[in-house]
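Chemist: Starting off with a structure, shown below.
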Amino acid sequence: MPTGKTSYVCLPCRASYKLPYPKRYDRERICPHCAKPLIHVGSAFAAPKKRDADAWRVLSVLLNSGVGFHKSCCGGPGYRPRTLREVRERLNHARSSGEPFARALVRRELP
């Protein structure tokens, strides 16, 4: 089992928390501000500024599509879009090609 901390976010509060890795028997993590469940995003996550609404919208699309920020064997999580424009381009590609959203969202280059 890995040691250390990993990140969780609350999208409605635009808050990020570094917490110990969950244990198999851990209950759901709850936001201390709104009491909604926190989303586990991974240890390679860097939270946007709270006032950056567009960055939080991008993050919401990524997380709701199943894209996380977990470290791979080579270090970081790989490419993640940072702007709404990049997200729109990748979602349009996914719709037109039939590629799953999660896979299209992590493409550095579009065909």
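The values are calculated or read from the model by the stated rules, or taken from the named source; none is laboratory data. This one's a predicted model, so the numbers in the text were calculated from it and none came from an experiment. Heads up, the Cβs are rebuilt from the backbone with ideal geometry, glycines too, and the neighbour counts pull from every protein chain shown. Accessible surface areas use protein heavy atoms only, side chains included; no ligands, DNA or RNA. Shrake-Rupley method; radii C 1.70, N 1.55, O 1.52, S 1.80 Å.
Chemist: Cα centroids of region 89-111 and region 44-67: how far apart, whole angstrom?
Modeler: Between the Cα centres of region 89-111 and region 44-67 lies a distance of 18 Å.
Chemist: Taking the dipole about the Cα centre of region 16-72, with the C-beta of Lys and Arg at +1 and of Asp and Glu at -1, give me whichever of Val67, Phe45, Leu19 is farthest to the positive side.
Modeler: The Cα lying farthest towards the positive end belongs to Leu19.
Chemist: Right, another one. Just how much of Glu89 is accessible, in Å², when a 1.4 Å probe is used and the result is rounded to the nearest 10?
Modeler: It works out to around 70 Å².
Chemist: Using the Karplus curve 6.51 cos²θ - 1.76 cosθ + 1.60 with θ = phi - 60°, what ³J(HN,Hα) values do you get for each residue of region 45-60, in whole Hz, with x for Gly and Pro?
Modeler: 9, 10, 6, x, 5, 4, 7, 7, 4, 5, 5, 5, 5, 4, 4, 4
Chemist: Roughly how many debye, to the nearest 20, is the charge dipole of the chain about its Cα centre, given +1 on each Lys and Arg Cβ, -1 on each Asp and Glu Cβ, and no other charges? Working shown, then result.
Modeler: Working: 22 positive and 8 negative charges, 50 e Å.
Value, rounded to 20: 240 debye.
Chemist: Then there's this: Would you check the accessible area of Leu59, probe 1.4 Å, heavy atoms only, in square angstrom rounded to 10?
Modeler: 10 Å²
Chemist: What accessible area per residue, rounded to a whole number of Å², is obtained for the chain using a probe radius of 1.4 Å?
Modeler: 67 Å²
Chemist: If you don't mind, there's one more thing I want to ask. Counting only residues 5 or more places away or on other chains, whose amide H sits under 5 Å from the amide H of Ser43 once H atoms are built in the peptide plane?
Modeler: Ser7, Lys71
Chemist: In addition: Of all the accessible heavy-atom surface of the chain, with the other protein chains kept in place and a 1.4 Å probe, what percent is carbon and sulfur? Intermediate values should be presented prior to the final figure.
Modeler: Working: 3780 of 7410 Å².
Heavy-atom surface of the chain belonging to carbon and sulfur, 1.4 Å probe: 51 percent.
Chemist: Hey, if we sort Ile39, Ile30 by accessible area with the 1.4 Å probe, largest down, what's the order?
Modeler: Values: Ile39 60, Ile30 80 Å².
The residues order as Ile30, Ile39, largest area first.
Chemist: Using only the Cα atoms of the chain, construct the convex hull and provide its projected area averaged over every direction, in square nanometres to one decimal.
Modeler: Values: hull surface 31.9 nm².
The orientation-averaged projected area of the Cα hull of the chain comes to 8.0 nm².
Chemist: I would also like to ask the following. Provide the solvent-accessible area of Ser96, counting protein heavy atoms only and rolling a 1.4 Å probe, rounded to the nearest 10 Å².
Modeler: 100 Å²
Chemist: While we're on this one: Students often get this wrong, so check it: of Lys18/Lys71; Lys18/Lys49; Lys18/Lys50; Lys49/Lys71, which have C-alpha atoms separated by over 18 Å?
Modeler: On the way: Lys18/Lys71 15 Å; Lys18/Lys49 15 Å; Lys18/Lys50 16 Å; Lys49/Lys71 22 Å.
Correct reply: Lys49/Lys71.
Chemist: While we're on this one: Work out from phi, with θ = phi - 60° and the Karplus expression 6.51 cos²θ - 1.76 cosθ + 1.60, the ³J(HN,Hα) of each residue of region 10-24, listed in order in whole Hz, and give x for Gly and Pro.
Modeler: 10, 5, x, 8, 6, 10, 10, 9, 9, 10, x, 3, x, 9, 4
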